[in-house]
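Accompanying notes for the structure given below.
The values are calculated or read from the model by the stated rules, or taken from the named source; none is laboratory data. Values in this document were obtained by computation on a predicted structure and should not be read as measured data. We place every Cβ from the backbone using ideal geometry, glycine too, and count neighbours over all the protein chains shown.
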Amino acid sequence: MRAPRQTYSPAAFTLVEVLIVMVILAIAAAIVIPSIGTAADSQAISAGRVLGSDLEVARSLALTTQQTHSLVFSPDLQSYKVVANYGGGSYASVVAVPHPVVAGERLEVCLADANGMGSVNVLAASFGGVSYVTFNSQGEPSSAGTVLLRAGGTQMTVSVSALTGAVSVTRTAG
């Protein structure tokens, strides 16, 4: 008697094909997963970019209006305002300029209330020993300085250079 003949079914995958697909998926996961940060990392990066943009807005307003404009931090450093002709005084007594994009709003940011930035903390804000920077009518800052932000394991540094007022945002830890 003859042994029954086994037939090959092209509708199924072989063990080798399944293993190759699993190896490819494992390699892709090993590449992608480390580049995905936590929510806190994303919040720190976003807060750094928003603060950098607001510093640029203060500088641009000073240039276009030919009036000094300042970015002033609150005493606890968790809020800031962009104000015109800041001459010192308490944070609560100054009024922020109108928001350049959102009609009817003022350009004041409270990180705890900002959309998606609740875990961000401002560790330090120092511009020549004070917690505000003023841009003159030529866009020059009163002094160079930095702001340090942290959320989770990520720290961001927002810097303003002397003379030019150029703003840079860099990830310094995490």
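Some values worked out for this structure:
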| read-out | value |
| --- | --- |
| Filtered residues of segment 112-130 (kept if out of contact with any Ser or Thr (no Cβ under 7 Å at 6 or more places or on another chain), under 16 Å from Asp54 (Cα atoms) and not β-branched (Val, Ile, Thr)) | Ala114, Asn115 |
| Segment 140-152, subset outside any loop (DSSP other than H, G, I, E, B) and within 20 Å of the chain's Cα centre (by Cα), residue farthest from Ile45 (Cα to Cα) | Gly145 |
| Residue in segment 37-50 that is farther than 20 Å from Val160 by Cα, of a type in the set (A, V, I, L, M) and either loosely packed, with under 13 Cβ neighbours inside 10 Å or at pLDDT 90 or above (or both) present | yes |
| Boolean, Val82 is buried (at least 19 other Cβ atoms within 10 Å of the Cβ), of a type outside the set (Ser, Thr, Tyr) and at pLDDT 90 or above | yes |
| Any hit, segment 143-157, residues being aliphatic (A, V, I, L, M) and in contact with a Lys or Arg (Cβ under 9 Å, 6 or more places away or on another chain) | yes |
| Pairs, first more than 15 Å from Ser142 (Cβ to Cβ) in segment 157-168, second polar (S, T, N, Q) and modelled with pLDDT under 90, C-beta under 7 Å, six or more apart | Thr157/Thr172 |
| Residue that is modelled with the lowest pLDDT, among those in segment 153-174 that are of a type in the set (Ser, Thr, Tyr) and assigned to a strand (DSSP E or B) | Thr172 |
| Search result, residues across segment 133-149 that are surrounded by fewer than 21 Cβ atoms within 10 Å (Cβ to Cβ) and of a type outside the set (Asp, Glu) | Asn136, Ser137, Gln138, Gly139, Ser142, Ser143, Ala144, Thr146, Leu148 |
